[in-house]
1. Report the dimensions of the chain along its three principal axes from the alpha-carbon atoms, largest first, rounded to Å.
2. Once every DSSP H run of n ≥ 4 in the chain is given -39500 (n - 2.57) and the sum is divided by its residues, what mean residue ellipticity at 222 nm do you get, rounded to the nearest 500 deg cm²/dmol?
3. Kindly list the residues of segment 403-426 that lie in the label zone of E378, defined by a backbone N under 12 Å from the point 7 Å along the Cα-to-C-beta vector.
4. Taking K and R as +1 and D and E as -1, what net charge do the other residues with C-beta under 13 Å from the C-beta of D63 add up to?
5. What distance in nm separates the two pseudo spin-label positions at R59 and N237, each 7 Å out from Cα along the beta-carbon direction?
6. Determine the relative contact order of the chain: mean sequence separation of Cα pairs under 8 Å and six or more apart, normalised by residue count, in whole percent.
7. Report the local net charge at A226: Lys and Arg +1, Asp and Glu -1, summed over other residues whose C-beta lies under 12 Å from its C-beta.
8. Within the chain, which whole H helices from DSSP have a Cα span along their axis of at least 15 Å and a mean Kyte-Doolittle hydropathy of 1.0 or more, if any?
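Derivation of every value follows stated rules applied to the coordinates shown; laboratory data play no part. Since we're looking at a predicted model, the values are computed, not measured. Positions of Cβ are generated from backbone atoms using ideal geometry, with glycine treated the same way; all protein chains shown enter the neighbour counts.
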Amino acid sequence: MIVIAAVWITALLGLGGIGLDRVLDETLTVSFDEQLGNTLKALINSAELDEVGEVRLLRTLGDQRFSEPYSGLYWQVSGPGQVAFPSRSLWDRELGPAPSGRDCRQPCRYESASFAGEPLRIIGRSVRLPGGTRQFYFQVAQSSADLDRQRARTRSILIRSLSVLGFGLMVMTALQSIYGLAPLRRVSDAIAAIRSGKAKRVVAQFPAEVAPLVAEINELLDHGDAQAEAARRHAGNLAHALKTPMSVMLGEARGRDDPLARIIETQVQVMRRHVDYQLARSRAAGRRSASTARTPVFPTLQAIVRTVERIHAGRVTIDLVGDRGAAFRGERQDLEEMVGNLVENAAVHGGGRVFITIAAADTMVDVQIEDDGGGIPEAKRSRLFERGERLDTDKPGTGLGLAIVLEVAELYGGRVRLGSSEDLGGLLVTLSLPRAP
């Protein structure tokens, strides 16, 4: 807006300046010619013929410059068959004749370059004086350098004035744009605060022109929260509706010792794995769609470490180090689910030692989980992210943990990487999640 306004103001002032310069130039030229015309009239009115028919002046023209040699202001009277009668200022020079082919019985105005280094503007008129029969040609000339100086001075004043006016208009336009768009920048800052988890609504006061936009944003946020809550509620209802019949079927199947019961038990366990996976994914997606939460990482991981150590009391030692001030831009339940799965896997499949490191970068938080187990060959690591895939079938589990971790991390714009632990020799899992300010 500022650039467009600046270009438009410059173009308009430029065109207006050119037009005004031409008008002023014409006005100065007309005024210059009028002064020369008045001097010519005075010269003609003061002229008469003497006894021998030569022109003489009854009175001297008032401008002192006519008496100063080469002063830049001159007059001359010339006629056929006689020597030109010049002003003293011409000294040893003469003004040229009238332009050929022009009838100067009315005043003729023209430029002359007959004097080297001194361009002249001349007004001349052919007059027959009373008592005479010959036409005399009266001329008044003035150096056009005077006119050029007046033009240059006027043009300089015009340029400075228009420059100041243009600068003032641009400053005013910039201030109007900056002040007028300030509410939109405040809206942008408020939305950024919502995205970072510092706020949940746009609550500041805005002008009447922006207030409807703010109201629509808040209504959209409310609608998103309502949808997320409905999704979580439906997921919970679905979990209760499915898990109870499956638990009954599983209990009945375990109480019988026949091939049908074993088939039912196996299929119910498969159903339960898929239900758990889809419910976890839908809950995470619902929370992420409307999430403005900010979750401290270190305290959350401390609670997970205490829980896992109680479950595996005396069999697992877990060390937690790293950035204590880092925060995850998301829900605490999702962070607990992701890290809890990874720590549980390290405790179950490792050799009894787990090391957790929290490292914060500019936009991401890395949670590195290492164990002292046998590790996983690089060629087989990608299989761990497939649903139901398990490399160690001797240990209990559903094979859905890493798949859930990966999907929830990707919902937040994060990622999961597998590697080898240099310190403990087992598997190294790096969970990267968006960092909250």
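1. Over the chain, Cα extents along the principal axes are 160, 47, 37 Å.
2. -18000 deg cm²/dmol
3. It comes to 419-420, nothing else.
4. +1
5. 11.5 nm
6. So the answer I get is 10 percent.
7. It works out to a net charge of -2.
8. 401-411
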